[in-house]
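Have a look at the structure below, then the notes.
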Amino acid sequence: MATARDYRQRRRSRRDRHGRGLRGTLYPATLPAAASRAERFDALVLDALEPIEARWRHELTKLDVAVDDVPEIRENGHSPADGVLHDGAVPLSRLVPAGVDRAGLPTRARIVLYRRPLEARAKDPSELAELVHDVLVEQVAGYLGVEPDVIEGE
């Protein structure tokens with residue numbers, strides 16, 4: 001037999017505090033406005049990488065591309081200098097060579113783009129797209145050991 005307490009608990013779980021029900025999403029998930037800044041940046045990186053990967057597909061099979069929000073700062077206040085593309089004192093990206101992790105397993109080489117520093121340097125979305133493309137070209141050139149002009153086909 002249900003008690004008044006059971007009824008109140010069931011009633012509370014179905015409604016919010018003000019009795020208006022839960023709000024729906026502001027934008028449907030299919031619209032671009034529903035994507036977060038990080039998701040839009042990830043899509044921008046994939047768009048910038050596509051023409052590079054189309055031209056250099058076989059050479060880039062052992063390279064990963066990742067995105068971090070901000071660069072990792074070491075205890076001494078400096079980030080590692082090798083493979084880092086800087087704008088002043090702030091790292092924009094880093095090329096991590098292939099190696100071995102702490103567990104002794106082999107790791108693949110990867111380019112890490114730092115989202116927040118890149119976004120801070122761009123005035124608008126088109127400038128951000130251009131900056132991301134330029135950074136990727138520089139890092140892929142560093143990975144392959146060629147000049148950036150060769151990567152773009154100039």
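Sort out for me the helices (runs of 4 or more DSSP H) sitting completely within region 106-154 that have 3 or more residues that are of a type outside the set (V, I, T) and touching a residue at least 24 places away in the same chain (Cβ under 8 Å). Give the steps one after another, and end with the answer.
On the way: elements: 115-121, 125-144, 148-152.
Result: 115-121, 125-144.
So, in region 36-59, how many residues would count as being basic (K, R) and either touching a Ser or Thr at 6+ places or on another chain (Cβ under 6 Å) or part of a loop (DSSP other than H, G, I, E, B) (or both)? Break it down stepwise before answering.
From region 36-59, those basic (K, R) are 37, 40, 55, 57; that's our starting set.
With the extra rule that they be either touching a Ser or Thr at 6+ places or on another chain (Cβ under 6 Å) or part of a loop (DSSP other than H, G, I, E, B) (or both), the set shrinks to 57.
The qualifying residues number 1.
Starting from region 48-66, keep only residues that are without any contact (Cβ under 8 Å) to a residue 40 or more places away in the chain, then list their pairs with residues that are open to solvent by less than 40 Å² (accessible area, probe 1.4 Å) whose Cβ atoms are within a distance under 7 Å, requiring at least 6 positions of separation or different chains.
E53/L60
Quick one: count up the residues across region 78-106 that are of a type outside the set (A, V, I, L, M), farther than 17 Å from Y143 by Cβ and modelled with pLDDT of 80 or more.
3
The values are calculated or read from the model by the stated rules, or taken from the named source; none is laboratory data. No experiment lies behind these values; they were computed from the predicted model shown. Here Cβ is always computed from backbone atoms with ideal geometry, including for glycine, and neighbour counts include all displayed protein chains. Just the protein is used for accessible areas: all its heavy atoms, side chains included, with ligands, DNA and RNA removed. Shrake-Rupley method; radii C 1.70, N 1.55, O 1.52, S 1.80 Å.
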